[in-house]
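Some notes on the structure that comes next.
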Amino acid sequence: QVRGDLRASMIDGAAFGGMVGFGETYIAAFALAVGLGEMSAALVSSAPLIAGGLMQLASPMAVRVLRSHQRWVVICAFAQALTFVPLVVAALRGSINAVTLMAVVSVYWGAGLATGPAWNTWIGTLVPRPIRSRYFANRTRVSQASVFLGFLIGGALLQSQAAVGRSLIAFAILFGMAGMCRVISAWMLMRHSEPVPLPQNMRSISWGKIFHHLRASSGGKLL
């Protein structure tokens, strides 16, 4: 079971990296390609991150309601994959307004960042402590290699298609590939086990205790 979980998580990391390389890195360029202008491209790259931060705050409540870290992570992963559907449609149509693009990208970032706290807690119960540092180092290498490969393939595709006036078709292909990568990632997350759906000692912590921890701990002092 442990080997299966580790293998599935490695594939998840690679597929997630592919999504970032093929899709996320080219959203601002897509905004420029459909004529939304530099200001809209800048806002699309920054403002939707607020939605991600807010969704992270909602994650603990969602985990309690679903009584499972895995369910929340998988739901968010599939939701993030679906955000590429309107981007593919917009690329094929050749137009999208700034408000719609901002909304789609906000859902993308919200669903993506919302998985963070729950995934961190969940994966910690699956990876044995003795191999944890080495495993996550290798997983990060694989994920970043996928990002880089997707970025290179995407750039080459856009360059070749722009030369013949088909850059928007290239964006549709890239966003489709990014969505499929996230679907594969979500499927791998479904194949993980979940030996501890909710920790026995899960509890709410007051803001006072949080600030005390930040002042007292080495990590808190660094922040």
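A few points about this structure:
- Solvent-accessible area, 1.4 Å probe, carbon plus sulfur percent, for the chain: 67 percent
- Taking every protein chain into account, the 1.4 Å probe leaves HIS212 with about 110 Å² of accessible area, to the nearest ten.
- Of ASN138, ASN120, ASN201, the one that fluctuates the most in a GNM where the chain has Cα springs shorter than 10 Å: ASN201
- For the range 129-145 versus the range 56-127, the inter-centroid distance based on Cα atoms is 23 Å.
- Relative contact order (%) - criterion: Cα under 8 Å, at least six apart; region: the chain: 40 percent
- Cα convex hull, the chain: 142 Å³ per residue, rounded to a whole number.
- Ligands, DNA and RNA aside, ILE173 has an accessible area near 80 Å² when probed at 1.4 Å.
- When +1 charges are put on Lys and Arg Cβ atoms and -1 charges on Asp and Glu Cβ atoms, the dipole computed for the chain relative to its Cα centre reaches about 840 debye.
- Among LEU152, LEU54, LEU157, the sequence by solvent-accessible area, most first, with a 1.4 Å probe is LEU54, LEU152, LEU157.
- Estimated from helices alone, the mean residue ellipticity of the chain at 222 nm is -26500 deg cm²/dmol (sum of -39500 (n - 2.57) over DSSP H runs with n ≥ 4, per residue).
- Applying the criteria of a DSSP loop state and at most 15 other Cβ atoms within 10 Å to the chymotrypsin sites (Phe, Trp or Tyr not before Pro) of the range 8-38 yields no site.
- Using the average count of surrounding beta-carbon atoms within 10 Å as a protection proxy, the listed peptides 158-169, 2-13 rank, highest first, as 2-13, 158-169.
- Computed with a 1.4 Å probe over protein heavy atoms only, the accessible surface of the range 7-131 comes to 45 Å² per residue.
- GLU38 sits with roughly 150 Å² accessible to a 1.4 Å probe, with DNA, RNA and ligands left out of the calculation.
The values are calculated or read from the model by the stated rules, or taken from the named source; none is laboratory data. Note that the structure is a prediction, hence the values are computed from the model and not measured. Neighbour counts are summed over all protein chains in view; Cβ atoms, including those assigned to glycine, are modelled from backbone coordinates with ideal geometry. With ligands, DNA and RNA removed, areas are computed over all heavy atoms of the protein, side chains included. Shrake-Rupley method; radii C 1.70, N 1.55, O 1.52, S 1.80 Å.
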